[in-house]
Amino acid sequence: MSLYEKIIAIYPELNINDFTPGGSIVLQNDSDGNGDYIAKWEHPTLARPTEEQLA
Amino acid sequence: MSKISLTPNASGTGTLTIAAPNTSTDRILTLPDETGTVLSSTSNITSQAMNGPTFRASGSGQSISGGVGNKITNATEVWDTASCYDTSTSRFTPNVAGYYQITVILVLPALSSSSLLINYIYKNGSSYSYFYNTVLSGLTHSVTHTDIVYLNGSTDYVEQYGLPGETKSTTTSIITGSLIRAA
């Protein structure tokens, strides 16, 4: 399951538009072997998921 | 009536000759109404702009995560005139300061649901500009984006990123760049 899918599973009210430019969340993968990560989380009401939630 | 004045140089010893070509047609050469040096075909005024760095690289088959801005790896160089494109990092770091036309192309197979595809130009690790399409399920889709980016000729670099609506393997990705005006 990708990071995006994990976050959607935690917060089903989010959709792809929240992750696009102008949205409050940016997920990124720099193709450096470190995988997907949260580059920005500025959602006005939803808390950034914890590592435990994303594990 | 304006005049033409020929001004010899007291220090020089050579003779400048204005030579006519072998022609039977009368012609008029009009000098520009401004101060400066008239250029010839060998004048080295814009060698950097005319012979500046340009590159093209491509990739395919890269799995990119849905909902994520993925660095696109374009490891196959088509040309790289100034050795400024690093295939190991898929970064273009030109060695001439100026304004570069950067183009990125991203092609994906059909998504299983209607969504979107965003194609980014990243400068120095951050989004510089992007273009996106809304895509319909079951259709192959592609996004081409181009922009002009100033790069300082030493540390600035550009990369391609892509954000699909769902995880897919790229059909084709391409990044190209050319210096269009030296700084």
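The values are calculated or read from the model by the stated rules, or taken from the named source; none is laboratory data. Keep in mind the model is a prediction, meaning the values are calculated, not measured. FYI the Cβ positions are ideal-geometry reconstructions off the backbone, even for glycines, and counts take in every protein chain you see.
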> Restricting attention to segment B:139-148, does a residue exist that is among the small types (Gly, Ala, Ser), assigned to a loop (DSSP other than H, G, I, E, B) and either touching a residue at least 24 places away in the same chain (Cβ under 8 Å) or touching a strand residue (DSSP E or B) at 6+ places or on another chain (Cβ under 6 Å) (or both)?
Replying inline: no
Among residues of segment B:65-76 being of a type in the set (A, V, I, L, M, F, W, C) and touching a residue at least 40 places away in the same chain (Cβ under 8 Å), the residue farthest from the other protein chains (Cβ to nearest Cβ) is B:72
Counting only residues in segment B:137-183 that are crowded, with 16+ Cβ neighbours inside 10 Å and charged (D, E, K, R), the one nearest to the chain's Cα centre (by Cα) is identified as B:147
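Looking only at segment B:77-88, decide whether some residue is buried (at least 18 other Cβ atoms within 10 Å of the Cβ) and away from chain A (no Cβ under 11 Å).
Among the residues of segment B:77-88, at least one is buried (at least 18 other Cβ atoms within 10 Å of the Cβ) and away from chain A (no Cβ under 11 Å), which makes the answer yes.
Within the bounds of segment B:122-133, is there any residue that is surrounded by 22 or more Cβ atoms within 10 Å (Cβ to Cβ) and either at pLDDT below 95 or within 14 Å of chain A (Cβ to nearest Cβ) (or both)?
yes
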Checked segment A:6-21 for anything over 11 Å from the mean Cα position of the chain (by Cα) and more than 10 Å from every other protein chain (Cβ to nearest Cβ); matches are A:12, A:13
Being over 27 Å from residue B:147 (Cβ atoms) and among the β-branched types (Val, Ile, Thr) narrows B:15, B:87 down to just B:15
Considering segment B:92-119, residues that are assigned to a loop (DSSP other than H, G, I, E, B) and of a type in the set (Gly, Ala, Ser), and then whichever is farthest from the other protein chains (Cβ to nearest Cβ), we arrive at B:97
Residue B:62 vs (1) more than 30 Å from residue A:41 (Cβ to Cβ); (2) modelled with pLDDT of 95 or more: all pass except (1)
Residue A:7 fails exactly one of (1) assigned to a helix (DSSP H, G or I); (2) hydrophobic (A, V, I, L, M, F, W, C); (3) exposed (fewer than 13 other Cβ atoms within 10 Å of the Cβ), namely (3)
Within segment A:22-36, of all residues that are part of a loop (DSSP other than H, G, I, E, B) and at the interface with chain B (Cβ under 7 Å from one of its Cβ atoms), the one nearest to residue B:131 (Cα to Cα) is A:30
Residue A:14 meets each of (1) modelled with pLDDT of 95 or more; (2) of a type in the set (A, V, I, L, M); (3) surrounded by fewer than 16 Cβ atoms within 10 Å (Cβ to Cβ) with one exception, condition (3)
